[in-house]
Amino acid sequence: MTLPPPLAPGAAHRWTSWPAVAATTALAHALALRGQLLDADRLALVRNPATRTFAGLGVLLADGTPALRGAGIATHDPAPIAALSTWLGWQWFRAEPMAQHALGVALMAAVAVQILRLVEEASWPRPAAALLALSVTLHPAAWDLTGALGGRPVLLAVLVAVAVARRVRTAGLAATTALALVTALLASACAGSAGLVGLVPALRSPTRRARVAASIAALAGASLGALRFNLPDASAAAIARDAVLAWLPTPWSTPPMFGPSLGLAVHVVAVVACMPLLARSGPRTSIRAGLAASFVVVLLAVLGAIRGAAWRTEDARLEALASHGADATETAAASMRLALRRHRLVDAAPWCAELARRSPDSGRADGCLAALAVTAGAPSTAVRAGLQRWAASYDDRRALRAGALELSGAVPDARFAEAFREATGYALPHRRPGESP
Amino acid sequence: MKRALVVVAVAVAGIALGVFAAHRGVDEWSGARLRAAVAFAALGWALWLRSRRRAGTPVELPVAHGVAAGLAVIAAAAWFDFGALPSGTALHRHDVFHYYVGSKYHRELGYTRLYACAAVAEAQDGGETAVRARDMRDLVTDHVVPAAAALDHPEECTSRFSPARWRSFRTDVANLHAGMSGAAWAETQTDHGYNPSPAWSALGGTVARVVPSTAAGLRALAGLDVVLMAGVVAVLGAAFGWRVAALALTLAGVQEPGKFTWLGFSMLRLDWFALLAVAVALLRRRRPGLAGAALGLAAVMRGFPALGIAGIVLAGVGTPSFARFATLRRRAVVGFAAAVAVGCVLGAAAAGPGAWTEWTSHIRRHAAAQASNKVGLGVIVAFDPALRVERVQAAMPGASAETWMQAWADGARSAHERSTLPRRALQLAVAALWLAALRRARRPWIGLVLALLAAPLATDLSGYYLVYFVLAACLAGARGGVERALLGFAAGVEVLMVMPAVAWFYDDRFLAISVAYVGLAVGLAIAFATRPRRV
């Protein structure tokens, strides 16, 4: 009689790590379930009759999904998988906010599990693998992906990339290159600017030649995808700029125009790129685990430090604009934001009025005016209308959060928080440690 | 003990969750979501067990079995929409009217006078105004006509009844009408009539004569199918073991075609299904004569189960096992033939000597009539996007329901006729595939199940007949992966049923169901026609 081979150390507990990582991720993102649909979500789901029929699916695939870009301007997102996901989203969950957001949370948990398994398969110790997986799904940008339906295509792109990466380890040069190219194209078809995640399988290739070839293929696929599937008015230069800026803190871009997708994409690429380096650092498991943990801690610390520095840098930039700005409108805007960031709503008041007078259609001053109206006891309907207009002036939820953080610090008024929640569907945010708007 | 505890814990927790999810009521869409959730849970558990087994750390048996059985109990609760049944559904009066009245008065009504005589009875009981205001289906022409037409010559009905039988008929019609709204009653009178065979009329008529049409009597009748469904699970459990029984119960609970709103609390709509389950179980337990008899009775009740005998006869053909089961096959055929003969005689005795001839021509006419809940290969082959109900409605703005429905039915009928040649060609190809599958089936009971699964490819059926696909659970032990495939299939169908683009219009819904079930049958046939993979 032949006995079965002995179990590998820890095999009996192999299955305990991924439920824990998935549950932690899901719990961390559970607040997204309370979110309401944003304007962009309503435009894509509720006010979009194409989601109702098969013929509508054809229209969505041909014309793209209705989307908002900059100050509430309507455009179309041509990414076909995003269109399919929107169509299926309505077909399965209609406009039910909790169910719609639950799908995002589930996808995020799936991403966590896939990354965990990917890292575990690279012979990493389980705690380090779990830490790495969580560092991705608990990245600050990750909340933007579960908080708005616009994040779903990006999650799909990341999921595809990591799932493919788990299978390239034993593939040959040609297969790896083809997989990287297809992954980049598929990711772009999910979200036009997310093709970079094609680098994830490329970096997992077994040989150096394969890594180089696959990386070139992935970059080519990402470029092709970005040109084909990005928003109509997005230039290649803007995509490249966003790819860099997304990894860096928000205030370095004026205004914060980039979306969360590239942030997460670059984060995943960076984390996976570090794996071979760390794997070479020593044969002993304890060293690798320690290095992995140190890497994550250092990564988060660096992020926090950059964010803190950026806050001060942004203050300095605004001060420069307020003192020596050539454009009176931007001077008023900078002065208003400076006062708000210093929690002086009264000082901001004249600049709000000035900005509203000089740029009445942009809606940029409406948030400040709404805050002033609340403190003066104005009816909540008027405040809500103002806040809705102001919220619509932002590109995405991350940018909205950045603006809202400035207001939340300056207006510690429960009535304002309530009006904000009613107008945008989100709780008024407060700064996390080390976070800049 | 541990297993029982796990079953109870899982079932109680799942049913509590289901009741909570359904406490605000269940409609078409939320019902499909609930069933999909249960199917996904069962699929997830099956995949988990497989993963653990492959990893060398299998889940301990009491837990594995307990959770699966608990999920099956939850699925059974899902069939009842976790108790969130609309008020008044303790009896499916629409169905019971057809089956109760149609079988009890078969000699007088035949297959063409049900609605006309009901209209006369209603008018005589003081409802003439209502009758003149509503429509009914003329079961000779299959067209919807004003019900007042029946009142022009009431003697065409009354002359066929004895005075006592006519009084009884009026009472029964009034009793069944009593619990229905005007709209629901009017809808009942434009359905497609009473269609079971004379043999079923013998059975149903006997039951209907014994059980009065009072509220209590009808409720008792409605409970029979629940008992039959429980019996099916018990019989499969006895023949195939707990796992097949749990799988069958899960599939029965989360299925779309035989869901509660179609079959629940009706009258003996599952008798043939129970007979098929008994036939498969008896064949598995090597009782071929009785198995053949059960199959024969199912065949004389509903016709299409007769296909099953081909499966028994051809299982293992061309292989050494064919000779091995020669005696068993012979006994099954004898049992089948005897039951068919008895059924025919009983049917003729109960419904009259010409009843079988009348039924044959009626069922041909009924099969040719177009209904949006038909399923089968013919529905798929005849599909024409221009004839979808949505398009027909859009092309006739402002037209009455009757007008566009007639236009749709005419178009669908001609599309069906046009597609005869490709349909026959496909059926020939499918027959070759089934022959290959039966050759490898080796066991007569596998052949029986496989042959039954071919029914929607051989003929178009009303959608709810697909409930018998639950018997595919028996194949779970014969080929690896069948259990997961069936659970995935059930979940997939319910996911489709959640989508308005698929399920809003009934013709689209049943087209999707046709594609899914024909695909499943073909997939299973391919799985059996090819050599099983060694694990």
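We did not get these values from a lab; they are worked out from the coordinates using the rules stated. All of these numbers come straight from a predicted model, not from anything done at the bench. Methodologically, a virtual Cβ is constructed for each residue, glycine included, from the backbone with ideal geometry; neighbour enumeration extends over all protein chains shown.
Give me the tail of P(r) for segment B:305-399 as a percent: Cα-Cα pairs with distance above 18 Å. Don't skip to the answer; put the middle values down first.
Values: 3123 of 4465 pairs.
Distances greater than 18 Å cover 70 percent of the Cα pairs.
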Report task. Sum up the charges of everything whose Cβ sits under 11 Å from the Cβ of A:ARG204, counting Lys and Arg as +1 and Asp and Glu as -1, but leave A:ARG204 out. Result -> +3
Query raised in the report: Which value in Å does the Kirkwood hydrodynamic radius of the protein assembly as shown take, with 1/r averaged over all unlike C-alpha pairs and then inverted?
Result: 32.4
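Taking the number of other C-beta atoms within 10 Å as the exposure measure, put B:MET499, A:MET336, A:MET98 in order starting with the fewest.
Ordered by Cβ neighbours within 10 Å, fewest first: A:MET98, B:MET499, A:MET336.
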Report summary line: By the Cα gyration tensor axes a ≥ b ≥ c (a/c under 1.5 gives rounded; else a/b larger than b/c gives prolate, otherwise oblate), the shape of segment A:46-158 is prolate
Report task. Using a Förster distance of 22 angstrom, determine the FRET efficiency expected from the C-beta separation of B:TRP504 and B:ARG418, and round it to 0.05. Result -> 0.25
Query raised in the report: Mean shadow of segment B:1-155, computed from the convex hull of its alpha carbons, in nm²?
Result: 14.7
Query raised in the report: What shape does segment A:339-429 take by its C-alpha gyration tensor, where a ≥ b ≥ c are the square roots of the eigenvalues and a/c under 1.5 counts as rounded, a/b above b/c as prolate, and the rest as oblate?
Result: rounded
Report summary line: Computed about the Cα centre, the charge dipole of chain B from +1 Lys/Arg and -1 Asp/Glu charges at the Cβ has a magnitude in debye, to the nearest 20, of 3200
Query raised in the report: How would you rank B:CYS344, B:CYS474, going from fewest to most other Cβ atoms within 10 Å of each one's own Cβ?
Result: B:CYS344, B:CYS474
Report task. Evaluate the Debye formula for segment B:211-338 with equal point scatterers sitting on the alpha carbons, no solvent, and hand back log10 of I(q)/I(0) at q = 0.16, 0.18, 0.21 Å⁻¹, in q order, two decimals. Result -> -0.86, -1.02, -1.21
Report summary line: Whole-number value, in Å³ per residue, for the convex hull of the alpha carbons of chain B is 155
Query raised in the report: Going by the alpha-carbon gyration tensor, a ≥ b ≥ c the square roots of its eigenvalues, is segment B:88-174 rounded (a/c under 1.5) or, if a/c is not under 1.5, prolate (a/b greater than b/c) versus oblate?
Result: rounded
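Once the Cα gyration tensor of segment B:155-252 is diagonalised, what are the square roots of 5 times its eigenvalues, in whole Å and ordered largest first, as equivalent ellipsoid semi-axes?
For segment B:155-252, the semi-axes come out at 35, 16, 14 Å.
Output the relative contact order of segment B:388-535, whole-number percent, from Cα pairs under 8 angstrom with separation of 6+ residues.
With pairs under 8 Å counted, the relative contact order is 31 percent.
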Requested in this report: Return the tail of the calculated pair distribution for segment B:312-462, meaning the percent of Cα-Cα pairs more than 29 Å apart.
Outcome: 42
Report summary line: Cβ density ranking, 10 Å radius, fewest first, applied to A:TYR426, B:TYR506, B:TYR468 yields B:TYR506, A:TYR426, B:TYR468
Query raised in the report: Cα-based Rg (one decimal) and Dmax (whole number) for segment B:16-65, in Å?
Result: 15.0, 44
